[in-house]
Amino acid sequence: MRIDVISLFPGLVAGVVGESILKRACDAGLVKILLHDLRKFAVGKHNQADDYLFGGGAGMLLKPEPFFRAMGQFDGVRPRPLVICPSAAGEVFDQESAAGLARERHLVFLCGHYKGLDQRAIDRLVDREYSLGNYVVTGGELAAAVMIDATVRLMPGVLGDFDSARGDSFQGLRLDAPHYTRPAECEGLTVPAVLQEGHHRNVGHWREAMGKLILSQRRPDLKSIKPLEE
């Protein structure tokens, strides 16, 4: 898979993709992540990439022209990349969304900042808008980094044990069960006996039951989570 991120602040994404699982996936050639500085596609003496709002109002908005120029590098690329814009107005990004993106060959993230990006760039260039939830972060870079991480870790070969991804929260109608490591007792708190005994079937049943119990107690709003496809 190839992932391109077009941003006024690509360093916000660089720190994430340069560490841990994403870095290992890149080093292994499983994914190629390219970061593009939006300002390099701006013109004028100061390479201005933002401007004031038509109609007035507080804050600055990213101009449309730099995005159009940046996307010009993909003209003629086949298959055409799927273009995503993190946006508060988008559908909520979830595990099913990540699984769908993991099957794509080429993703491009257009990251807004300040008040976002000019609607004309969204109308012309963007295929999907995703929101992380009902809150606002500094810029689309942070949301893009989260989406990239959630997507890449679902690609075959990225995790050493793909069953690790299948056991994550939101895979199936449950959340992940509590997990423990050594020592078996710490500060008077002990690991559940079923886990210490290590009987795989019993452990599996316990984890499944605990995941469903946590779902019903803490997240009754989650009613239709699809499992990761084979």
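Each reported figure results from applying straightforward, stated rules to the coordinates on display, with no laboratory input. Source: prediction; values computed, not measured. All Cβ positions, glycine included, derive from the backbone under ideal geometry; neighbour counts span all protein chains shown.
Sparsely packed loop sites in the range 12-56 (the trypsin sites (Lys or Arg not before Pro) outside DSSP H, G, I, E and B with at most 14 other Cβ atoms within 10 Å) comprise Lys45. For the range 2-152, lysine pairs with C-alpha atoms less than 27 angstrom apart, excluding pairs fewer than eight positions apart on the same chain, total 8. From largest to smallest, the equivalent ellipsoid semi-axes obtained for the chain from the alpha-carbon gyration tensor read 40, 19, 16 Å. Near Ile33, the amide H atoms lying under 5 Å from its own belong to Ile3; only residues 5 or more places off or on other chains count, and H is placed 1.01 Å from N. If the chain linking Ala88 and Tyr135 were pulled fully straight, counting 0.36 nm for each residue of separation and taking away their Cα-Cα distance, it would gain 16.2 nm. Entry note, the range 2-152: relative contact order of 30 percent, from Cα contacts under 8 Å with a spacing of 6+ residues. Note that the range 43-53 has calculated 3J(HN,Hα) couplings of 10, x, 4, 10, 6, 5, 10, 9, 7, 6, 7 Hz, one per residue in order, obtained from phi through the Karplus relation 6.51 cos²θ - 1.76 cosθ + 1.60 (θ = phi - 60°); glycine and proline are x. By the helix-only formula, in which each DSSP H run with n ≥ 4 contributes -39500 (n - 2.57) and the sum is divided by residues, the chain has a 222 nm mean residue ellipticity of -9500 deg cm²/dmol. Applying the Karplus relation 6.51 cos²θ - 1.76 cosθ + 1.60 with θ = phi - 60° to the range 136-143 yields 3J(HN,Hα) values of 10, 10, 4, x, x, 4, 5, 5 Hz, where x marks Gly and Pro.
In order along the range 5-10, the Karplus-derived 3J(HN,Hα) couplings, from 6.51 cos²θ - 1.76 cosθ + 1.60 at θ = phi - 60°, round to 10, 10, 8, 6, 10, x Hz, and Gly and Pro are given as x. Measuring r between the beta carbons of Leu53 and Lys212 and using R0 = 41 Å, the FRET efficiency lands at 0.30. Are there GluC sites (Glu not before Pro) in the range 64-138 that DSSP puts in a loop and that have at most 13 other Cβ atoms within 10 Å, and which ones? Loop-located and lightly packed - none at all.
For the range 89-161, rounded, prolate or oblate, judged on the Cα gyration tensor with a ≥ b ≥ c (square roots of eigenvalues), a/c < 1.5 rounded, else prolate if a/b > b/c? Judged from the Cα gyration tensor, the range 89-161 comes out prolate (a/c at least 1.5, a/b above b/c). Residues whose amide H lies under 5 Å from that of Gly116, counting only those 5 or more places away or on a different chain, are Leu62; hydrogens are built 1.01 Å from N in the peptide plane.
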